[in-house]
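The values are calculated or read from the model by the stated rules, or taken from the named source; none is laboratory data. Predicted model only: the values in this text are computed from it and were never measured. So basically every Cβ, Gly included, is an ideal-geometry build from the backbone, and we count neighbours across all protein chains shown.
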Amino acid sequence: MEKCDLVVMKFGGSCLQDIESFSQTTKIIKKYLKESKIIIVTSAFKGITDKLIDFYNKSCKDVNSCAEVIEDIKQIHLKFINDNINKETPEYKDSLEFFELNLKDLVQLGRVIRLLRPSLDLQDLIISYGEKLSTYIVNQYLNSIGISSKFLSSDELILTDNNFGNALPLLEETESIIQKRLSPIIKSDTNHIICVTGFYGSTKDKKITTLGRGGTDLTAAIMAYSLSSLFKCKVIYWKDVQGFLDADPRIAEQASLLHQISYLEAKELAFFGSKVLHPLCLDVNEKGNIPSEIRPFNDPESNDYTKITKEIIKGERIIKAITSIQRLSMVTIESGTMISLPGTVAKLFNLLAENNINIKFISQSSSENNITIGIDFEDSMKISYLLRNSDWFGKQWFSIKIDNDISLIAVIGAAMLHTPGIAGKIFTVLGEQNINIRAISQGSSELNITIIIERDHCKKAVNILYNAFIS
């Protein structure tokens with residue numbers, strides 16, 4: 001095990017679901033404590049976030065079944081406390097008191113929602129209770145078995161913008177706060193572990209915000225980034241998978257673990273279909289030049305895991321991975337008047353941004369006669385309505401075509417930058433199998449080549465490319 005001054009560990013809900021998983025988490029912590037100080041970042045207990053969202057929605061509708069949801073939340077947490085913390089310890093009593101107090105706050109918030117108009121900031125506040133409760137219980141459990149631990153709520157540490165539900169951290173301000181609050185605790189001899197709540201932060205006016213998908217992973221990255229100038233850090237994400245694979249095993253007939261990968265390549269993988277880590281989490285770790293590991297929770301001693309570093313490893317394989325997004329919609333806007341209408345692309349991007357529609361792919365002809373974008377399949381009806389009712393696109397000489405039967409395939413590898421002929425080989429390999437490429441895009445970084453094909457050909461194309469470049 002590589003020695004570090006500080007290891008930031010993220011444990012998800014599946015790592016904290018029963019006595020066995022608690023025991024496994026404890027073994028992992030004890031092992032790493034022999035070499036380093038530790039910050040633990042935890043998710044809510046399994047299923048709790050969904051129950052809190054359900055509670056919020058039912059509170060908005062003034063439905064009597066709110067009490068049932070609260071009872072479910074109560075029983076799950078009480079079971080964790082009773083199963084894992086010795087009733088004779090002061091930590092058991094503290095856990096019960098903390099839980100009862102926060103449960104009363106939750107019930108009161110439900111009443112507030114019924115009196116006021118529902119809002120995203122109230123929803124974020126309610127959802128944050130999942131991580132707040134689980135992390136406090138984990139902290140008390142560790143103290144009860146003799147591992148000195150300090151609990152901190154992340155709304156006191158992480159400053160964000162006010163984009164409720166998907167907030168972005170304000171890194172400079174957050175770094176200053178975390179260094180001031182955590183550095184003395186880490187350096188002290190009294191605390192070996194700090195337990196920090198994942199998934200949420202707060203605005204400058206102290207409103208709770210959640211960080212969106214992968215928010216707890218992002219919290220761990222923010223902790224390491226903020227402390228990397230003071231300590232030698234690394235981040236370990238304990239998952240129910242070994243790490244990044246070079247293809248989706250649900251589609252590819254073959255797929256193998258990527259033992260080491262650069263942040264640049266990992267971000268491409270994450271953006272184009274892999275759900276292992278969120279691109280923003282990887283971006284923060286890259287900014288801090290912090291090595292990260294994705295390790296299998298159920299086999300913590302295994303040598304099969306993914307290490308992510310800033311360094312690009314140049315091996316025999318030019319292509320690191322073939323990934324895909326199976327369900328995508330392709331929107332093509334075409335008109336001969338686009339050449340004489342400056343600002344068309346800017347207007348399109350503004351329209352998408354204002355309506356929270358993400359672009360997965362973009363391609364534009366050099367003549368500027370048309371522009372093609374790929375969007376999430378679920379947004380196709382929304383974009384159709386927006387474009388056809390837009391003062392600009394609906395009333396100018398534009399032809400709007402939307403194809404909902406397409407897939408995206410991304411061929412990823414940093415070594416492509418120095419290897420001519422890769423794009424030509426991709427086209428040749430697919431052409432020989434009668435797979436038609438509908439659109440293509442390649443960024444100036446040449447980290448990936450993205451192609452659009454008909455959905456019926458997605459699985460076949462992934463396997464053909466895997467066999468040609470990886471297998």
Just to check your reading of the model, which residue among Thr174, Thr160 is at negative phi, touching a Pro at 6+ places or on another chain (Cβ under 6 Å) and in the same structural domain as Tyr225 (by TED's automatic domain parsing)? Thr160
Counting only residues in the range 429-468 that are assigned to a helix (DSSP H, G or I) and basic (Lys, Arg), the one nearest to Pro249 (Cα to Cα) is identified as Lys459
Let me spell it out: the conditions are (1) in a loop (DSSP other than H, G, I, E, B); (2) more than 25 Å from Phe199 (Cα to Cα); (3) of a type outside the set (A, V, I, L, M, F, W, C), and Asn289 meets all of them except one. Which number is the exception? (2)
Out of the residues in the range 145-166 that are at pLDDT below 95 and among the small types (Gly, Ala, Ser), which is nearest to the chain's Cα centre (by Cα)? Gly165
Residues in the range 400-417 that are of a type in the set (Val, Ile, Thr) and either crowded, with 19+ Cβ neighbours inside 10 Å or within 25 Å of the chain's Cα centre (by Cα) (or both): how many? 4
When restricted to Ser59, Ser23, the only residue exposed (fewer than 15 other Cβ atoms within 10 Å of the Cβ) and either in a helix (DSSP H, G or I) or β-branched (Val, Ile, Thr) (or both) is Ser23
Based on this model, can you work out whether Ser144 counts as in contact (Cβ under 8 Å) with a residue 24 or more places away in the chain, farther than 14 Å from Phe199 by Cβ and small (Gly, Ala, Ser)? yes
Taking the range 316-335 and keeping residues in a loop (DSSP other than H, G, I, E, B) and touching a residue at least 12 places away in the same chain (Cβ under 8 Å) leaves Arg317, Ile318, Ile319, Lys320, Ser335
Looking only at the range 181-217, count how many residues are within 23 Å of Ser274 (Cα to Cα) and either in a loop (DSSP other than H, G, I, E, B) or not assigned by TED's automatic domain parsing to the domain that holds Thr25 (or both). 6
Considering Ser36, Ser65, Ser59, which residue is farther than 19 Å from Ser21 by Cα and touching a strand residue (DSSP E or B) at 6+ places or on another chain (Cβ under 9 Å)? Ser36
So Asp94, is it acidic (Asp, Glu), in contact with a Phe, Trp or Tyr (Cβ under 9 Å, 6 or more places away or on another chain) and assigned to a helix (DSSP H, G or I): yes
Hey, does the range 295-304 have a residue that's surrounded by 16 or more Cβ atoms within 10 Å (Cβ to Cβ) and touching a Leu at 6+ places or on another chain (Cβ under 7 Å)? no
Would you confirm whether any residue within the range 266-277 is among the charged types (D, E, K, R), farther than 18 Å from Ile319 by Cα and either surrounded by fewer than 21 Cβ atoms within 10 Å (Cβ to Cβ) or touching a residue at least 60 places away in the same chain (Cβ under 8 Å) (or both)? yes
Checking the structure you have, find out if any residue of the range 95-102 is surrounded by 15 or more Cβ atoms within 10 Å (Cβ to Cβ) and either within 29 Å of Ser228 (Cα to Cα) or of a type in the set (Phe, Trp, Tyr) (or both). yes
Is one or more of the residues making up the range 159-167 within 30 Å of Arg317 (Cβ to Cβ), in contact (Cβ under 8 Å) with a residue 24 or more places away in the chain and acidic (Asp, Glu)? no
Looking at the range 37-92 only, could you name the residues that are closer than 21 Å to Leu218 by Cα and small (Gly, Ala, Ser)? Ser43, Ala44, Gly47
Take the residues in the range 114-172 that are in a strand (DSSP E or B) and touching a Ser or Thr at 6+ places or on another chain (Cβ under 9 Å), then tell me which one is nearest to Tyr32 (Cα to Cα). Lys150
Residue hits (the range 412-459; at pLDDT below 90 and of a type in the set (Lys, Arg)) are Lys425, Arg438
